[in-house]
Amino acid sequence: MQLDIRMPIGALFTLLGLMLVGWGLVADEALNERSLGYNVNLWWGLVVLAFGAWMLWLSRRGMPTQRLAADDPEGRETEAREKRMGLEH
């Protein structure tokens, strides 16, 4: 079993990004006065959300696929060589 840490990290950052974006959309405009008029929660929420989505995409794209040795020419050669050498019973 291989542990792919990208899935839980992506889920965590996606959830956090959604919460920050939501807070940035509903927060009072007076809060933005302290940050030179920028809605920091909204912008950083979008950045964190994009990072989380990217990690989730990487975890889906990078799922390991296992092939049987009999389905691969290189695997068949390796199996035959190991059998000739007596490594396989």
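Which of (i) 1.45; (ii) 1.05; (iii) 1.38 is the computed Rg/Rh (Cα atoms, Kirkwood Rh) for the structure on display?
The listed entry that was calculated here is (i).
In the chain, if the dipole is taken from +1 on Lys/Arg beta carbons and -1 on Asp/Glu beta carbons about the Cα centre, which of ASN41, LEU3, MET19 is farthest to the positive end?
LEU3
Could you give me the ³J(HN,Hα) list for the stretch 47-62, computed from phi with Karplus coefficients 6.51, -1.76, 1.60 and θ = phi - 60°, whole Hz, x at Gly and Pro?
With coefficients 6.51, -1.76 and 1.60, one gets 5, 5, 4, 5, 5, x, 5, 5, 5, 5, 5, 5, 5, 6, 6, x Hz.
Determine the dipole magnitude for the stretch 6-85: charges of +1 sit on the beta-carbon of Lys and Arg, -1 on that of Asp and Glu, nothing else is charged, the reference point is the Cα centre, and the result goes in debye to the nearest 20. Present the calculation step by step, with values, prior to reporting the outcome.
Working: 9 positive and 9 negative charges, 73 e Å.
Charge dipole, the stretch 6-85, about its Cα centre: 340 debye, nearest 20.
Rounded to the nearest 0.05, what FRET efficiency do ARG61 and ASP28 have when you use their Cβ-Cβ distance and R0 = 41 Å? Intermediate values should be presented prior to the final figure.
Details: r = 40 Å, r/R0 = 0.98.
Result of the calculation: an efficiency of 0.55.
Would you please give the residues with an amide H less than 5 Å from that of ASN39, counting only those at least 5 places away or on a separate chain, with H modeled from the backbone geometry?
Distant-sequence amide H within range of ASN39: zero hits.
Roughly how many whole Å is it from the C-alpha centroid of the stretch 3-53 to that of the stretch 69-89?
52 Å
Any idea how far apart VAL47 and THR78 come out in nm if each label point goes 7 Å out from Cα toward Cβ?
Simple spin-label model gives 4.3 nm for this pair.
Provide the packing ranking of 42-51, 20-29, 73-82, i.e. peptides ordered by the mean count of other C-beta atoms within 10 Å per residue, highest first. Let's see the in-between values first.
On the way: 42-51: 16.4, 20-29: 13.3, 73-82: 11.8.
Ranked from most to least packed, the peptides come out as 42-51, 20-29, 73-82.
Every number here is computed from the coordinates shown, using simple stated rules; none is lab data. In this text, all values refer to a predicted model and were calculated from it rather than measured experimentally. Here Cβ is always computed from backbone atoms with ideal geometry, including for glycine, and neighbour counts include all displayed protein chains.
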